[in-house]
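The values are calculated or read from the model by the stated rules, or taken from the named source; none is laboratory data. These numbers come from a predicted model, not from an experiment. A quick note on method: Cβ atoms are made from the backbone with ideal geometry, for glycine too, and the neighbour counts reach across all protein chains shown. These area figures cover heavy atoms from the full protein model, side chains too; ligands, DNA and RNA do not enter into them. Shrake-Rupley method; radii C 1.70, N 1.55, O 1.52, S 1.80 Å.
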Amino acid sequence: MNKPQLLLINGPNLNLLGLREPAVYGRETLANITAATRLHAEQRGARLLDFQSNIEGELVARLHLCHAEHITGVIINPGAYTHTSIALRDAIAAVALPCIEVHLSNIHARDTFRHTSLTAAVCTGLIAGLGARGYRLAVDALLDLQDANK
Ligand code: DQA
């Protein structure tokens, strides 16, 4: 049995975590969050690849590589593209892999324009409002679902 291979994708402005609105998003940098998420995945016997971009088309293009890279599950925080991007929604649907959408903040407790996610409906599940812990919970969700489907 090959190791599960997860892809963590972060969208626009998430490269600024640690500096960006810490009262909303916390003080941890994306590098730290990614390292903790990778360690958690490895402790559960999985590999974690990661990608961040501020450019919508690059996020779409990276999703298209999932099959060539033998990705078994995707964790995505699409940032503001959550609320605007039909292209990203279509790309998630096209790759047809288990996918967990993560938001650090509780998007439903914020501005009304954040209450709608265009991407969540094509994801397996959604985690919001639990901070960086949400990424680790997404790893658990993907690996538990894969175990349950064996
Ligand atoms: C976010 C929520 C989005 O509304 C916002 O545009 C982000 C971050 C979150 O992780 O809470 O960039 O996805």
**Asked** Can you list the GluC sites (Glu not before Pro) in the range 1-108 that are in a DSSP coil and have 13 or fewer other beta carbons within 10 angstrom?
**Response** 69
**Message:** Could you work out what % of the accessible surface of the chain is carbon and sulfur, using a 1.4 angstrom probe and leaving DNA, RNA and ligands out of the count?
**Reply:** 55
**Prompt:** Which whole-number percent is the relative contact order of the chain (Cα, under 8 Å, 6+ apart)?
**Reply:** 26
**Asked** When the Karplus curve 6.51 cos²θ - 1.76 cosθ + 1.60 is applied with θ = phi - 60°, which whole-Hz ³J(HN,Hα) does each residue of the range 78-90 get, with x for Gly and Pro?
**Response** x, x, 5, 5, 3, 8, 10, 9, 5, 4, 5, 4, 5
**Item:** Local net charge near residue 3, Cβ-Cβ under 11 Å (Lys/Arg +1, Asp/Glu -1)
**Value:** +1
**Asked** Using unit Cβ charges (K, R positive; D, E negative) and no other charged atoms, how large, in debye to the nearest 20, is the dipole of the range 1-62 about its Cα centre?
**Response** 260
**Request:** Just the number, please: Stokes-Einstein D of the range 1-58 in µm²/s, Kirkwood Rh from C-alpha pairs, 37 °C, 0.692 mPa s.
**Result:** 263
**Item:** Helical mean residue ellipticity (222 nm; -39500 (n - 2.57) per DSSP H run of 4+; nearest 500) of the chain
**Value:** -10500 deg cm²/dmol
**Asked** the chain: D in µm²/s via Stokes-Einstein (Kirkwood Rh, Cα pairs, 20 °C, 1.002 mPa s)?
**Response** 141
**Prompt:** Which one of 123, 134, 145 has its Cα pushed farthest toward the positive end of the charge dipole of the range 99-150, where Lys and Arg give +1 and Asp and Glu give -1 at the Cβ?
**Reply:** 134
**Fully extended contour minus Cα-Cα distance, from residue 111 to residue 39, at 0.36 nm per residue** = 22.6 nm
**Prompt:** Looking at 82, 48, 22, which one has the Cα that reaches farthest to the positive end of the dipole of the range 1-90 (charges on Cβ: Lys, Arg +1; Asp, Glu -1)?
**Reply:** 48
**Request:** Could you give the size of the charge dipole of the chain about its Cα centre, using +1 on the Cβ of each K and R and -1 on the Cβ of each D and E, expressed in debye and rounded to the nearest 20?
**Result:** 220
**Fill in**
Here the range 11-27 yields Karplus 3J(HN,Hα) values (6.51, -1.76, 1.60; θ = phi - 60°; whole Hz; Gly and Pro given as x) of x, x, 6, 6, 5, 8, 4, x, 9, 7, 5, x, 5, 9, 10, x, 9
**Prompt:** How large is the accessible surface per residue of the chain, computed with a 1.4 Å probe and reported in Å² as a whole number?
**Reply:** 49
**Fill in**
Label model pair residue 67, residue 121: point-to-point distance (7 angstrom along the Cα→beta-carbon line) in nm is 2.4
